[in-house]
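Below is one structure, written out as structure tokens; comments come after it.
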Amino acid sequence: MLPLWVAVLVAIAGGLVYDLGFPDAGVWPLAFAGIALALVSVIGRSSWSAALVGFAFGMAFYLQHVSWTTLYLGPVPWLALSVLESLIVAGGAVLIALAYRWVPRASTSRWVRLVWLPLLVAGLWCVREAATGSIPYGGFPWGRAALSQSESPFADVVSWVGSTGLGFIMVAIVAGAIEWVRLRGWQDLRSAIPVAALALVALLLPAWPTTATGEIRVASVQGNGPAGYFDERAPGDVLAAQLEATEPILDEPGIDVLLWPEGGSDIDPTRSPDVADIFDDLSEQLDAPVVLNTVTTRDDEFFNTSLMWRAGEGAVDSFDKRNPVPFGEYIPDRSFWEPFAPDLIGLIQRGYTPGTNAPVFDLGSAVTGLAICFDVIYDELIWEGARDGAELYMFQTNNADFNGTDENQQQLAIARLRAIETGRSVVNISTVGTSQVIDPTGRTIDALPAYEQGAMVTDVELREGLTPSVVLGGAVPFLIVATSLGGLIAAGVLARRRSRRDVGSEG
């Protein structure tokens, strides 16, 4: 066991290294190194010292990973989010420390240490990720281990077991290697078989094959307008930027759909006849529907809404953002939180209501799945789109509040994993970038430079068939979490019984 002060330093180093595994640095092997340092730092620790070490790891990671939250709002949201997530990481570190304490006491078997313990540790890491991804207020599943692997050889695993499953495998490989070293496994090379086999299978496992059914020509537009929360603008300025960027592609033949980003129309065409005429004209010129996004109002509630617009018919379908960002797009429990940061809370006067409508549009030529900005990080919404018949995905986002930070690259990595996970093409369009078209293998086939106005016209492959990840859905995270918590309890009970037997035999 490391001295506490050394363990804290190792945990801090682990958090910093772990972050380098994610974009923008994106050195994916460093995610494994960060996990290793995090695990080594808690081995042999008491619950309180494990919590301290886990908190140190969490803070070192999150302060770097979500530093983009400071760009316009200053340090308070950044610190609050980092501390909250790190407290959950601290709780997870306690569970992992208990596993390292109880499993060797429950059994002296070498293979229990080499197989059961690493799997249990990996599962408990996923328990912590499940907690950060669900509490409070719907959670913030940003920074899960799997999200570091969008361009690694391990990425294809997500089509089988999703992000939770890939994270489980990553931690199991690292924990198994640690136990192999702790047990001096080099003295018996057979003991390396479990770790080597798991790593080899994960590396060689191909993505689940979905079936190509044709193509759709998608025009997607990045207006690079003044779409940030604090950008100086008049009503219609963002719309004007999008229209300017769209103009050069209006003569392109065979376009099946025109896609605009989140907030692409800062005036709701369902409440403005003049703006409705603009979208009628666009749809008529292209002889295709327009998928746009705006703020809508119904029954005194506000929604972040994507609309499918057809000439002469108007908005024929809509999708409201399913997961508005707490403290960004609405203030939960406003009366409680406002005294802590009245100026910041006061900035958010209009709160978005979560949507309930299906995350798919039938374009006529294809069915597309939808996600608006941070919706993309929530598994259930993506799975729902595929189950509802999506043949491709269109992700609309507005990264204008994070100019020059890692946020847009982190979000793009998530979009890339979603393509692989579902076996579907993804058109990821932003107001300012990074905008890309990604094929079902995760390969970029079209792109626009960030912070520049432009448009893409791309022939996008359509796919059908559901991957195991989509079919199994929440069963994989539930099974991992439930089995891991049950396994930890079982280890504790067995360790206690064995300890009592040992004491009795000595008596």
Q: Determine the percent antiparallel among the DSSP beta bridges restricted to the chain, to the nearest 5.
A: 65 percent
Q: Find the centroid of the Cα atoms in the stretch 355-402 and in the stretch 456-470, then give the distance between the two in whole Å.
A: 12 Å
Q) If you keep only loop residues by DSSP, which GluC sites (Glu not before Pro) in the stretch 350-453 have at most 16 other Cβ atoms within 10 Å of their Cβ? A) Glu452
Q: Compute the relative contact order of the stretch 211-465 as a whole-number percentage, counting only Cα pairs closer than 8 Å that sit 6 or more residues apart in sequence.
A: 23 percent
Q) Taking the C-alpha atoms of the stretch 211-465, how large are the radius of gyration and the largest Cα-Cα span, Dmax, in Å? A) 17.3, 56
Q.
I'd like to know which of Asn323, Pro253, Thr422 lies farthest towards the positive end of the charge dipole of the stretch 211-465, counting +1 on Cβ of Lys and Arg and -1 on Cβ of Asp and Glu.
A. Thr422
Q. Helix-derived [θ] at 222 nm for the chain: sum -39500 (n - 2.57) over DSSP H runs of at least 4, divide by residue count, nearest 500?
A. -15000 deg cm²/dmol
(Q) Tell me the net charge near Gly185. Cut-off is 15 Å between Cβ atoms, Gly185 excluded, with +1 for each Lys or Arg and -1 for each Asp or Glu. (A) +3
Q.
With +1 assigned to the C-beta of every Lys and Arg and -1 to the C-beta of every Asp and Glu, and no other charges, what is the dipole magnitude of the stretch 189-253 about the Cα centre in debye, to the nearest 20?
A. 760 debye
Q: Calculate the length of the line joining the C-alpha centroid of the stretch 53-105 to that of the stretch 230-283, in whole Å.
A: 41 Å
Q: Tell me the label-point distance for the pair Ile135, Trp48, using the 7 Å Cα-to-Cβ offset, in nm and rounded to one decimal.
A: 2.3 nm
Q. Roughly what % antiparallel, to the nearest 5, for the DSSP beta bridges in the stretch 211-465?
A. 65 percent
Q) For the stretch 89-218, what's the relative contact order in percent, using C-alpha pairs closer than 8 Å and at least 6 residues apart? A) 26 percent
Q. For the residue pair Glu301 and Leu205, what label-to-label distance in nm results when each label sits 7 Å from Cα along the Cα-to-beta-carbon direction?
A. 3.9 nm
Q: Figure the gain on full extension for Ser499 and Phe336 (residue separation times 0.36 nm, minus the Cα-Cα span) and round it to one decimal in nm.
A: 53.9 nm
Q) Residues with beta-carbon under 13 Å from that of Thr213, excluding Thr213: net charge, scoring Lys, Arg +1 and Asp, Glu -1? A) -2
Q: Report ³J(HN,Hα) in whole Hz for each residue of the stretch 290-302, in order, from the Karplus equation J = 6.51 cos²θ - 1.76 cosθ + 1.60 where θ = phi - 60°; Gly and Pro get x.
A: 10, 9, 10, 9, 7, 9, 10, 10, 9, 6, 6, 10, 9
(Q) At a threshold of 8 angstrom on Cα-Cα distance, excluding pairs fewer than six apart, so keeping six or more, what relative contact order does the chain reach in percent? (A) 17 percent
Q | the chain: DSSP helices with Cα axial extent of at least 27 Å and average Kyte-Doolittle hydropathy no lower than 1.0 | A | 75-106, 158-182
Q) Which residues make up the longest stretch of the chain clear of trypsin sites (Lys or Arg not before Pro) that lie in a DSSP loop with no more than 16 other Cβ atoms within 10 Å, not counting the sites? A) 1-183
Q) Could you list log10 I(q)/I(0) for the stretch 386-446 at q = 0.17, 0.27, 0.28, 0.30 Å⁻¹, which the Debye formula gives when each Cα is one point scatterer? A) -0.52, -1.08, -1.13, -1.23
Q. Per residue, what volume in Å³ does the convex hull of the Cα atoms of the chain enclose?
A. 148 Å³
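Values quoted throughout were computed directly from the atomic coordinates according to the rules given, and no laboratory measurement underlies them. Being a predicted model, the structure only gives us computed values, none of them experimental. Glycine gets a Cβ as well: all are built from the backbone with ideal geometry, and neighbour counts include every protein chain shown.
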